[in-house]
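As structure tokens, the structure follows; a few thoughts come after it.
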Amino acid sequence: MNLRAASLFSSAPELFPLSERDVPWLCELERQTRVSLWQERHFVDSFQAGHDAWGVRRGGAGLGFMLVLHAPDVSHLLNIVVAPTAQRQGLGAFLLRHAMTRAALAGNTELFLEVRPSNKMARALYQDFGFQQVGLRKGYYSADPQTGAREDALVLRATLPILETT
């Protein structure tokens with residue numbers, strides 16, 4: 001195998017299930033990427049509630065994650081994060097596709113999420129995946145430490161394919 005082929009092969013993203021032991025690096029990744037942070041207790045509560053939690057890595061380094069709550073009729077993307085150094089490399093789409101697949105496999109036909117109106121990169125990704133705005137949550141996100149202003153959340157929904165599970 002030549003060097004270029006080896007490099008391409010080793011750079012393929014790998015999904016792995018998350019657990020409470022991953023909370024320290026999840027918190028660190030949140031700190032690197034967000035104004036409104038999930039705290040350790042949020043992750044622990046999510047794991048204890050049995051939410052669907054997956055990370056993505058390349059070469060052993062954790063570069064992102066997603067957490068999904070599956071209810072009997074819909075799924076809700078609770079959090080999706082990609083490390084700043086790994087953004088714009090397709091990992092957000094990779095994680096979102098996995099979240100949508102997991103929701104469909106759970107028997108759900110819709111996936112909901114909230115996103116900041118100011119998060120243009122995430123909004124473009126969600127639009128590419130067919131999400132549409134179905135609501136608005138006023139003052140949903142905590143205050144920005146620099147401005148003190150709360151930010152609304154756009155509520156988005158995507159219709160998922162119906163998958164046969166046998």
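Looking at ARG88, is it part of a loop (DSSP other than H, G, I, E, B) and closer than 30 Å to ALA149 by Cβ?
Yes, satisfied.
Taking segment 127-153 on its own, how many of its residues are over 17 Å from the mean Cα position of the chain (by Cα), at pLDDT 90 or above and either closer than 24 Å to LEU37 by Cβ or not polar (S, T, N, Q) (or both)?
Summing the residues that are over 17 Å from the mean Cα position of the chain (by Cα), at pLDDT 90 or above and either closer than 24 Å to LEU37 by Cβ or not polar (S, T, N, Q) (or both) in segment 127-153 gives 5.
Which residues, counting only those in segment 69-81, are closer than 20 Å to GLU114 by Cβ and surrounded by fewer than 16 Cβ atoms within 10 Å (Cβ to Cβ)?
Across segment 69-81, the qualifying residues are ALA71, ASP73.
Return the pairs, sorted by first residue and then second, in which the second residue is loosely packed, with under 14 Cβ neighbours inside 10 Å and modelled with pLDDT of 85 or more, the first residue lies in segment 31-49 and is within 19 Å of LYS120 (Cα to Cα), the beta carbons are less than 9 Å apart, and the residues are 6+ apart or on different chains.
The qualifying pairs are GLN32/PRO84; GLN32/THR85; THR33/PRO84; LEU37/ARG31.
Being among the small types (Gly, Ala, Ser), buried (at least 16 other Cβ atoms within 10 Å of the Cβ) and closer than 22 Å to ASP152 by Cα is the filter here, so list the residues in segment 93-127 that pass it.
If the condition is that a residue be among the small types (Gly, Ala, Ser), buried (at least 16 other Cβ atoms within 10 Å of the Cβ) and closer than 22 Å to ASP152 by Cα, then ALA122 is the only one that fits.
Only one of PRO161, PRO84 is within 23 Å of TRP38 (Cβ to Cβ), surrounded by fewer than 13 Cβ atoms within 10 Å (Cβ to Cβ) and touching a residue at least 24 places away in the same chain (Cβ under 8 Å); which?
None of the other options fit; the residue is PRO84.
If we scan segment 17-30, do we find a residue that is surrounded by fewer than 19 Cβ atoms within 10 Å (Cβ to Cβ), under 30 Å from ARG150 (Cα atoms), touching a Gly at 6+ places or on another chain (Cβ under 6 Å) and among the hydrophobic types (A, V, I, L, M, F, W, C)?
Step one: filter segment 17-30 for residues surrounded by fewer than 19 Cβ atoms within 10 Å (Cβ to Cβ), giving 17, 19-22, 24-25, 27-28.
Now restrict to residues that are under 30 Å from ARG150 (Cα atoms): 20, 22, 24-25, 27-28.
So of that shortlist, the ones also touching a Gly at 6+ places or on another chain (Cβ under 6 Å) come out as 25.
From what is left, the residues that are among the hydrophobic types (A, V, I, L, M, F, W, C) are 25.
The answer is yes, given that some residue of segment 17-30 is surrounded by fewer than 19 Cβ atoms within 10 Å (Cβ to Cβ), under 30 Å from ARG150 (Cα atoms), touching a Gly at 6+ places or on another chain (Cβ under 6 Å) and among the hydrophobic types (A, V, I, L, M, F, W, C).
When the residues of segment 31-68 are filtered to those that are surrounded by fewer than 21 Cβ atoms within 10 Å (Cβ to Cβ) and hydroxyl-bearing (Ser, Thr, Tyr), which remaining residue is modelled with the highest pLDDT?
Restricting to residues being surrounded by fewer than 21 Cβ atoms within 10 Å (Cβ to Cβ) and hydroxyl-bearing (Ser, Thr, Tyr), the top hit is THR33.
Can you tell me how many residues in segment 96-120 are farther than 16 Å from HIS70 by Cβ and part of a helix (DSSP H, G or I)?
Residues in segment 96-120 being farther than 16 Å from HIS70 by Cβ and part of a helix (DSSP H, G or I): 2 in total.
The values are calculated or read from the model by the stated rules, or taken from the named source; none is laboratory data. The structure presented is a predicted model; accordingly, all values stated were derived computationally and were not measured. Backbone-built Cβ (ideal geometry, glycine too); neighbour counts: all protein chains shown.
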